[in-house]
Amino acid sequence: MDIRIIKSTTPSQKYRPKDSELGFGKYTTDYMFLMNYERKKGWHDARIVPYEPLKLDPAAMVLHYNQQVFEGLKAYSLADGGIGLFRPNKNIERMNRSARRMVMPELDSEVFLQAIKELVLLEREWLPTSAGTSLYIRPTMIATEPGIGIRPSEEYLFYMILCSVGAYYPEGFNPTKIYVSNMYVRSAKHAVGNVKTSGNYGPTLLVSQEAFMKGYTQVLWLDAEELKYVEEVGTSNVFFFINGELVTPPLNGSILPGITRDSVLRIVKHWGLTISERLISIEEVADACRSGDLEEMFATGTAAVISPVGQICYKGEDFLIADGKTGKLSQRLYDEITGIQYGLKDDPFGWRVRIA
Ligand SMILES: *Cc1c(COP(=O)(O)O)cnc(C)c1O
């Protein structure tokens with residue numbers, strides 16, 4: 001596949017942040033990848049161009065009916081000076097699964113990976129090198145055909161932008177405080193909770209804002225039918241370490257199948273710990289808090305990798321978890337996964353993909 005590269009004729013006007021200033025999602029890079037789809041032509045015109053606003057018809061279907069899918073992965077500066085990706089084929093597969101659900105065209109997985117490689121290599125100066133930093137990659141597909149009236153678009157844009165991002169925990173872990181929503185839900189079974197599509201996220205903002213105003217960092221979502229079973233925390237999957245058993249809810253359709261979730265399950269199995277993908281009710285969690293059986297709780301996702309939970313509020317009652325500190329298993333998993341990602345540890349599963 002030939003990817004045209006159109007270089008800017010003027011020097012970059014963008015501010016180059018120091019690693020300590022990065023934060024998450026503030027600093028996009030100089031270039032982006034674009035590719036168009038039309039039903040009769042298929043995917044065509046793959047190109048890397050200077051980062052700039054997109055030109056969209058105000059009637060573009062994505063703006064009205066949310067026909068959109070996206071992904072999130074990272075490029076890492078490896079210990080030996082190279083550049084690595086972490087299980088990128090999982091993101092590519094998931095994006096194609098999401099696209100099928102949203103009646104959007106699939107992408108060729110080799111072209112997709114090539115686009116990631118070429119864009120990251122072109123932008124390698126934006127890849128920060130201090131511990132925990134990375135280049136966040138955001139592939140996105142949108143329906144661009146103008147038309148008011150709901151039906152699948154016949155034209156799409158696939159684009160990819162990059163962000164220099166900082167260490168999520170520059171001063172060590174800061175366990176989060178979680179608020180259980182027993183009023184609003186994130187997704188119902190047979191809806192699109194297991195699809196990475198933008199429509200799942202806007203509706204969560206109101207509850208997140210409420211939780212934030214009460215002093216909590218994230219929302220824990222329960223199932224839509226009974227408001228009984230734990231599903232996810234914020235935009236992360238969730239794990240409980242209860243009495244030596246590591247529990248996470250099963251992928252029942254309303255939960256996003258996280259790649260970090262899958263990595264945690266595979267690593268913990270490899271370590272020989274007991275893991276269960278099973279329903280876990282919020283009452284069971286509350287009881288385990290009361291009895292002291294809940295040893296640790298953590299959320300998983302590409303952005304923070306492992307995010308320990310120090311406190312949880314359910315029906316007005318606050319429970320402290322692991323004394324509000326980071327548990328041993330959370331720390332060990334964080335060290336293992338980031339060790340593989342940054343080339344600091346062996347990679348027994350073959351997850352690291354070197355691109356430089
Ligand atoms: C992306 C996402 C996750 C985490 O997936 P990873 O592949 O581990 O980054 C979990 N839940 C939701 C709702 C998500 O959007």
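Tabulated data
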{"item": "Nearest-ten-degree value, helix 259-271 long axis tilted from longest Cα axis of the chain", "result": "50 degrees"}
{"item": "Unsatisfied cross-links (Cα-Cα over 31 Å) in the set K14/K177; K117/K189; K26/K315; K325/K345; K55/K189; K18/K345", "result": "K14/K177; K117/K189; K26/K315; K55/K189"}
{"item": "Surface share of carbon and sulfur [accessible, 1.4 angstrom probe, percent] for the chain", "result": "50 percent"}
{"item": "For segment 291-299, Karplus couplings with θ = phi - 60° (6.51, -1.76, 1.60), whole Hz, Gly/Pro x", "result": "7, x, 7, 7, 7, 8, 9, 8, 9"}
{"item": "Pairwise label distance in nanometres, L206 with Q114, each label 7 Å out on the Cα-Cβ vector", "result": "4.6 nm"}
{"item": "Table column - 3J(HN,Hα) (Hz), segment 244-257, Karplus curve with 6.51, -1.76, 1.60, x for Gly and Pro", "result": "x, 10, 8, 10, 9, x, x, 7, 9, x, 9, 9, 6, x"}
{"item": "Efficiency of FRET between R354 and V103 - r from beta-carbon atoms, R0 45 angstrom, step 0.05", "result": "0.80"}
{"item": "Mean accessible surface per residue for segment 4-165, computed with a 1.4 Å probe while every protein chain stays in place, in Å²", "result": "48 Å²"}
{"item": "Which of Q311, V192, H270, positive extreme of dipole for segment 176-341 (C-beta unit charges)", "result": "V192"}
{"item": "Average accessible area per residue (Å²) across segment 176-341 - probe 1.4 Å, nucleic acids and ligands excluded", "result": "42 Å²"}
{"item": "Segment 159-176 - phi-based ³J(HN,Hα) in whole Hz, Karplus 6.51/-1.76/1.60, Gly and Pro as x", "result": "9, 9, 10, 10, 10, 6, 10, x, 5, 5, 10, x, 10, x, 4, 10, x, 8"}
{"item": "The chain, helix-only ellipticity at 222 nm - DSSP H runs n ≥ 4, -39,500 (n - 2.57), divided by all residues, nearest 500", "result": "-7000 deg cm²/dmol"}
{"item": "Length released on extending from L54 to K228, taking residue separation times 0.36 nm less the Cα-Cα span", "result": "58.4 nm"}
{"item": "Residues of type aspartates and glutamates that K40 reaches as a straight line, Cα spacing below 13 Å, ignoring anything fewer than 8 places off in the same chain", "result": "E154, E155"}
{"item": "Simple spin-label estimate for I148 and K315 in nanometres, 7 Å along Cα-Cβ", "result": "4.8 nm"}
{"item": "R0 of 30 Å, Cβ-Cβ distance K189-E21: FRET efficiency to nearest 0.05", "result": "0.10"}
{"item": "Long-range HN-HN contacts of L73 with modeled amide H, under 5 Å", "result": "I137"}
{"item": "Spin-label model distance (nm) - N66 vs T129, 7 Å beyond Cα toward Cβ", "result": "4.4 nm"}
{"item": "Amide proton proximity set for E154, modelled H, under 5 Å, gap of 5+", "result": "E145"}
{"item": "Under 5 Å, built H, 5+ apart or other chain: amide partners of V219", "result": "Y179, G234"}
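The values are calculated or read from the model by the stated rules, or taken from the named source; none is laboratory data. This structure is a prediction, so every number in the text was calculated from the model and none was measured. Virtual Cβ from ideal backbone geometry, glycine too; neighbours counted across all protein chains shown. All accessible areas refer to the heavy atoms of the entire protein, side chains included, with ligands and DNA or RNA removed. Shrake-Rupley method; radii C 1.70, N 1.55, O 1.52, S 1.80 Å.
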